[in-house]
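The values are calculated or read from the model by the stated rules, or taken from the named source; none is laboratory data. These figures come from a predicted structure and were not determined experimentally. All Cβ positions, glycine included, derive from the backbone under ideal geometry; neighbour counts span all protein chains shown.
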Amino acid sequence: MKSESLDKKPGDWLERMRHSAAHVMAEAVESLFPEAKFGIGPSIEDGFYYDFDLPRSLTPEDLPVIEDGMRAIIVQNVPFIKEEVSKEKARKIFARQPYKLELIDEIPDEKVTIYKQGSFTDLCRGPHVASTGEMKAFKLTHIAGAYWRGDEKRPMLQRIYGVAFESEAELADYLARQAEAMRRDHRKLGRELDLFSIHEEIGPGLICWHPKGAVIRGVIEDFWKREHIKRGYEIVYTPHIAKLDLWKQSGHWEFYRDYLYSPMEVEGQQYIIKPMNCLGHILIYNSRIRSYRHLPLRYAELGTVYRYERAGVLYGLARVRGFTQDDAHIFCRPDQIEEEVAGVVKLAQFMMSTFGFNEYDLLLSTKPEKYTGTVEMWDKATESLRHVLEGLELPYTVDPGEGVFYGPKIDIKLRDAVGHSWQGPTIQVDFNLPQRFNVCYIGDDGKEYQTIMIHRTVLGSMERFLACLIEHYGGAFPVWLSPVQAIIIPIADRHNDYAHQMGSELKGEGIRSEVDDRVERMNLKIREAQLEKVPYMIVVGDKEVASAGVSLRLRNGQDAGQKSLSEVKAIIKADIKAYR
């Protein structure tokens with residue numbers, strides 16, 4: 001038996017400390033629930049968790065009690081003792097712990113590692129810090145359900161999450177950032193700003209867009225179409241259902257079957273609702289003979305697709321079952337691959353900067369364990385993507401095994417205002433589907449050659465991108481994206497006609513405006529407009545009617561003073577143009 005050495009390597013020590021905190025939490029839980037059954041308790045980014053099978057459901061009120069138990073253990077400064085024991089002995093130690101026994105049975109070695117701190121023993125590979133006294137600033141954050149081994153057919157355990165840092169200042173900073181993230185939560189703001197809703201009567205993971213949310217989405221889609229047409233893309237539309245045989249031919253049925261909806265029978269044929277748009281684009285391409293002179297062909301579609309995501313992973317707009325991809329497929333010759341991929345990367349950068357995302361990470365995702373095609377195909381495609389990233393002098397990280405089954409990809413992860421990472425643009429080179437569907441072109445020698453296909457999005461799904469936007473801006477969208485850009489507030493009923501006249505003029509200039517002519521106090525109307533994140537509040541009363549002017553206020557509370565309507569229109573238009 002031996003105690004862990006205190007080896008404070010950068011990063012490594014912090015991970016050890018967080019892992020050790022999970023064990024301390026488990027001991028504190030056992031003191032409250034002696035009959036507890038234990039799952040696993042790893043360290044994770046910023047903290048740790050542990051899964052428990054307990055005699056009752058935990059509540060948020062239990063967390064401070066467990067924290068107090070942890071502090072009592074920490075102050076004792078008990079060493080972590082590592083010991084290797086035979087599997088037979090381990091089974092005796094954990095005889096009343098069915099989840100630990102299952103893990104022991106799966107370990108191929110003859111011996112297993114256990115760790116002890118005081119009277120508490122756990123099955124664990126480690127490593128840990130030297131003693132419980134090294135636990136620094138920590139806090140238990142929340143409780144969630146978690147199926148054992150991630151299998152929904154296995155028992156549901158209770159997972160307690162915690163965070164741990166080296167200092168109280170770091171913990172306080174983290175908690176402040178989390179509070180800000182909660183304030184920006186797109187699910188909360190979606191309700192408050194009346195943007196979207198999800199209804200059990202329709203089904204989980206299926207979004208109803210309210211008028212204001214639909215305005216934002218429509219503005220983004222119109223902008224997306226204009227920018228794509230400028231760059232030589234052609235807009236197409238494809239059906240929402242297709243015969244099952246098509247998805248079997250593509251390989252999607254074999255590789256993604258668990259995420260596809262069950263087939264339906266129509267006139268003796270089996271159909272499924274589409275999980276992606278690429279096959280429709282292939283069939284459009286194959287509808288006529290293509291020459292090398294026609295390439296590249298760029299087809300773009302805001303196509304709605306449906307995938308079966310488990311209920312436990314659904315999350316507002318960010319993880320849904322029905323979503324619209326800003327999808328496009330480029331059909332090109334082998335010698336055009338790198339130029340086309342570079343063009344997509346530049347378009348993605350333009351789109352991200354336009355919407356205010358200036359921080360992002362690039363990942364080069366390589367061949368997964370299950371894949372189609374030859375290793376030679378994969379190597380060629382991967383090198384093409386690598387050459388583009390290096391040629392553009394863009395820093396990237398290799399993400400081993402995370403490519404899709406038909407090809408490698410570049411993933412771009414957006415980072416929002418509070419540092420959260422979101423899946424954004426993705427670019428995939430595909431040799432496989434063109435081979436399966438005989439997607440070809442006629443070369444300058446009159447012979448037939450296989451076309452290369454590039455799958456790409458430059459926003460991701462509209463749903464997830466809207467979630468990202470909402471949280472990035474905290475609901476206070478740039479003026480060009482705001483569903484209501486100006487609200488006109490008459491002080492009294494006698495000012496309503498003047499207010500509606502102004503509203504008509506603003507709408508005539510393309511400015512999205514509303515008139516709040518409710519019988520409420522002016523200050524209440526202003527306050528509510530600020531809560532709704534409306535950029536401009538135009539107040540009109542006797543003085544404004546007499547001078548044919550307005551009083552302008554901003555959503556940050558600033559009083560911009562008296563203006564003429566033409567000045568207000570110029571200010572709003574300039575603000576809209578500044579973001580585009």
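Is it true that some residue in the stretch 141-148 is more than 22 Å from the chain's Cα centre (by Cα), within 22 Å of residue 60 (Cβ to Cβ) and part of a helix (DSSP H, G or I)? No, because not a single residue in the stretch 141-148 is more than 22 Å from the chain's Cα centre (by Cα), within 22 Å of residue 60 (Cβ to Cβ) and part of a helix (DSSP H, G or I).
Of the strands (runs of 3 or more DSSP E) that lie entirely inside the stretch 236-277, those containing 2 or more residues that are over 28 Å from residue 225 (Cα atoms) and assigned by TED's automatic domain parsing to the domain that holds residue 372 span 264-266, 269-273. Residues in the stretch 73-102 that are among the acidic types (Asp, Glu) and either more than 23 Å from residue 52 (Cβ to Cβ) or crowded, with 18+ Cβ neighbours inside 10 Å (or both): 83, 84, 88. Residue 539 falls short on exactly one of the conditions (1) assigned to a strand (DSSP E or B); (2) outside the structural domain of residue 380 (by TED's automatic domain parsing); (3) under 33 Å from the mean Cα position of the chain (by Cα), and that condition is (3).
For the stretch 338-349, filtered to residues that are buried (at least 22 other Cβ atoms within 10 Å of the Cβ) and touching a Lys or Arg at 6+ places or on another chain (Cβ under 9 Å), the residue that is farthest from residue 260 (Cα to Cα) is 340. If you go through the stretch 460-487 and keep only what is in a helix (DSSP H, G or I) and closer than 16 Å to residue 353 by Cβ, you end up with 465, 468, 469, 472, 473.
Is it the case, given these coordinates, that residue 577 is of a type in the set (Lys, Arg), outside any loop (DSSP other than H, G, I, E, B) and either at pLDDT below 90 or in contact with a helix residue (DSSP H, G or I) (Cβ under 9 Å, 6 or more places away or on another chain) (or both)? I'd like the intermediate steps shown before the answer.
Numbers: of a type in the set (Lys, Arg): yes; outside any loop (DSSP other than H, G, I, E, B): yes; either at pLDDT below 90 or in contact with a helix residue (DSSP H, G or I) (Cβ under 9 Å, 6 or more places away or on another chain) (or both): yes.
Against the criterion (of a type in the set (Lys, Arg), outside any loop (DSSP other than H, G, I, E, B) and either at pLDDT below 90 or in contact with a helix residue (DSSP H, G or I) (Cβ under 9 Å, 6 or more places away or on another chain) (or both)), residue 577 qualifies.
Residues of the stretch 549-576 that are in contact (Cβ under 8 Å) with a residue 40 or more places away in the chain and either over 32 Å from the mean Cα position of the chain (by Cα) or farther than 22 Å from residue 523 by Cα (or both): 550, 565, 568, 569, 572, 573, 575, 576.
Checking each residue in the stretch 556-580 for being basic (Lys, Arg) and closer than 20 Å to residue 504 by Cα picks out 563, 569, 573. When residue 105 is tested against (1) outside any strand (DSSP E or B); (2) surrounded by 14 or more Cβ atoms within 10 Å (Cβ to Cβ); (3) not aliphatic (A, V, I, L, M), just one condition goes unmet, and that condition is (2).
Look at the stretch 301-327: where a residue is within 19 Å of residue 220 (Cα to Cα) and a partner is buried (at least 20 other Cβ atoms within 10 Å of the Cβ) and basic (Lys, Arg), sitting 6+ places away or on another chain with Cβ atoms under 7 Å, you get 305/274; 317/464; 318/464. Of the residues making up the stretch 288-318, those that are in a loop (DSSP other than H, G, I, E, B) and among the aliphatic types (A, V, I, L, M) are 289, 295, 314, 317, 318. Sub-7 Å Cβ pairs linking a first residue in the stretch 85-108 that is closer than 17 Å to residue 119 by Cα to a second residue that is polar (S, T, N, Q), at least 6 apart or interchain, are 93/121, ordered by first then second residue.
For the criterion of being at pLDDT 95 or above and more than 30 Å from residue 510 (Cβ to Cβ), residue 296 passes.
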